[in-house]
Amino acid sequence: MRRRIRKISTQIFLAQLAILTVATGIGFGLLAVSIRHNLDEEYQSRAAAIANAVAEVPTIRRCMATSSAACASTLQELTLSTAKRAGATYIVLIDTHRIRHTHPDPALIGQKVEEPLVARDGKVHLDVNDGSTGPSANARVPLYGLSGAFEGEVSVGIPEASVTSELAKQLPSYAIWFAVMFGVGTGASFLFASILKRRTFGLEIDELAQLLQEREATLHGIREGVVAVDPNGVFSVVNGEARRLLGLPEECVGRRVIDVVPPGRVRDVLIDPTPLKDWILITSDYWLVVNRRSARLQNRPHGIVITVQDRTALEGLTRELDGARSFTDSLRAQQHEFSNRLHAIAGLLELGRASDALEYLNEIRGSDANLDQSLRLRIACPPIVGLMLGKAAEAAERGIELVIDPATRLGPAPDRVQTLITVLGNLVDNAFDALAGVASPRRVTVRIVESTAATEIVVSDNGPGIAAGISEQIFTRGFTTKRGTLVRQTGLGLSLVHDAVARAGGSITVSQGPGATFTVTVPSSTTLDARSDASPSTAGAST
């Protein structure tokens, strides 16, 4: 059984060696043919020169014109001696009747030649002739008498053996050059195979194929999105999960990021080489965690690698947990408050001051009933009522007065409830935090007004307001002016509000102080659909 060669460098070297051998052999053969052709032309030219010289000899011209018997031996002697000195096989004189007057073979003298007199036209004719003396380089020239009349032709032949002998003398020198070229080519092939092996990190063909299969299986099998962008900003690797999460087209590999991804946060993530760790990216469909790092190969920049994790479901659970925690905090605050009130009532009763205890109970019932009645009278949506009751309990625990504006009106089933909860909850939390360092009285006012076209949410506080020069930055993810224990979710609250409002096609305005007033307008689905049908819109948040 034949042993299979596995080393890629050996396979490449042997393949190139075979190609060099074939190419060198063909080249040498073509060179030999070319040299042989050139030698044939050279010897034919030499034969023509001999023939022209013989045709100019006066004795030959006179004898051919008279055709006397006395000249026969003279012509034979002249042609034989000339052929011997010139290295020709034969010099044949032929008259106008195609009769040979000279020939190396005396038996052929006086006989007719079969070929016509081609030199009758006065030109020199060159050819390779297979005559009675064997193959030869032949030349035929016209022969004129002393009077200038055409008397026949001179045919001179130089043996092809001479041509072959000359070719055999020249080919070895060319063969040496071809051998040198073959050796150089072989060395270059070996060097190229070695360099290629280093470029493939010593991996063989089977290993490269297996590595590619494992890479494809890994990239498309993991639940994280993986994107690699080369130094020129071109996608080099994109797995299916990354295409799904980032909304990339199927055929994006090999194309530039700026040609595929529209301007926005996703494009910024894909082209910025700055390292990122667990950075939050919120798109219209997903909540993503992005990690980005620069790639280097042999200490040279090789682009960037981005991994994307889908945290949408986890974020939904987190929000549910935050709601449960908020509800728990509310119950804890209420339990703490109720305990204090019960202690106060018990103390009054022990002191025998029943009238004061009754008055205190009426006061408590009046304040709580007023808030509950105000919420239920103006807000009919149970999730919003529950949210506000929790925020009211938190406000009471933190010493903040939460006021529901009398103009508040919200139906039992408003449009975009989840968006309203996100906006309202984060704005109220932001207002609470803004009042942390403010002296009493501290107040947060909430107004929610629902109409057929949109729902307007206004949250204001009597805190320090928005500092000059940062109104354009407060909605940037990660930006915060809070310190210490006041930092919630590392500056994500207003960013979440911004993204939720942008997805809903709404707008945000912020007052410049004193105090801070956030006004959010969330259009209804029917209004947004009608606007889209009328003309493309670019609704978003503004400050």
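The values are calculated or read from the model by the stated rules, or taken from the named source; none is laboratory data. Worth saying up front: this structure is predicted, and the values here are computed from it rather than measured. A quick note on method: Cβ atoms are made from the backbone with ideal geometry, for glycine too, and the neighbour counts reach across all protein chains shown.
Of the candidates Asn129, Asn138, the single residue that is part of a strand (DSSP E or B) and closer than 20 Å to Val57 by Cβ is Asn138.
Give me a count of the residues in segment 88-100 that are in a loop (DSSP other than H, G, I, E, B) and more than 17 Å from Ala53 (Cα to Cα). Spell out how you get there, then give the answer.
Start the filter on segment 88-100 by keeping residues that are in a loop (DSSP other than H, G, I, E, B), which leaves 88-89, 96-98.
Checking which are more than 17 Å from Ala53 (Cα to Cα) leaves us with 96-98.
Within segment 88-100, residues that are in a loop (DSSP other than H, G, I, E, B) and more than 17 Å from Ala53 (Cα to Cα) number 3.
Scanning segment 395-448 for residues that are more than 18 Å from Ala500 (Cβ to Cβ) and of a type in the set (Val, Ile, Thr) gives Ile400, Val403, Ile404, Thr408, Val438, Val444, Thr445.
Among Thr485, Thr480, which is of a type in the set (Ser, Thr, Tyr), closer than 28 Å to Gln335 by Cβ and at pLDDT below 80? Break it down into steps so the answer makes sense when it comes.
Values: Thr480 fails: closer than 28 Å to Gln335 by Cβ.
Of the residues listed, the single one that is of a type in the set (Ser, Thr, Tyr), closer than 28 Å to Gln335 by Cβ and at pLDDT below 80 is Thr485.
Count, please, the residues in segment 385-441 that happen to be in a loop (DSSP other than H, G, I, E, B), touching a Leu at 6+ places or on another chain (Cβ under 7 Å) and crowded, with 21+ Cβ neighbours inside 10 Å. Within segment 385-441, residues that are in a loop (DSSP other than H, G, I, E, B), touching a Leu at 6+ places or on another chain (Cβ under 7 Å) and crowded, with 21+ Cβ neighbours inside 10 Å number 1. Leu494 meets all of the listed conditions (1) out of contact with any strand residue (DSSP E or B) (no Cβ under 8 Å at 6 or more places or on another chain); (2) buried (at least 19 other Cβ atoms within 10 Å of the Cβ); (3) more than 20 Å from Gly463 (Cβ to Cβ); (4) at pLDDT 70 or above but one, namely (3). Yes or no: Gly134 modelled with pLDDT under 75, farther than 19 Å from Leu75 by Cβ and in contact with a strand residue (DSSP E or B) (Cβ under 7 Å, 6 or more places away or on another chain)? So Gly134 fits the description; yes.
Regarding Ile379, is this residue at pLDDT 65 or above, closer than 30 Å to Pro231 by Cβ, surrounded by 12 or more Cβ atoms within 10 Å (Cβ to Cβ) and among the aliphatic types (A, V, I, L, M)? It is false that Ile379 is at pLDDT 65 or above, closer than 30 Å to Pro231 by Cβ, surrounded by 12 or more Cβ atoms within 10 Å (Cβ to Cβ) and among the aliphatic types (A, V, I, L, M).
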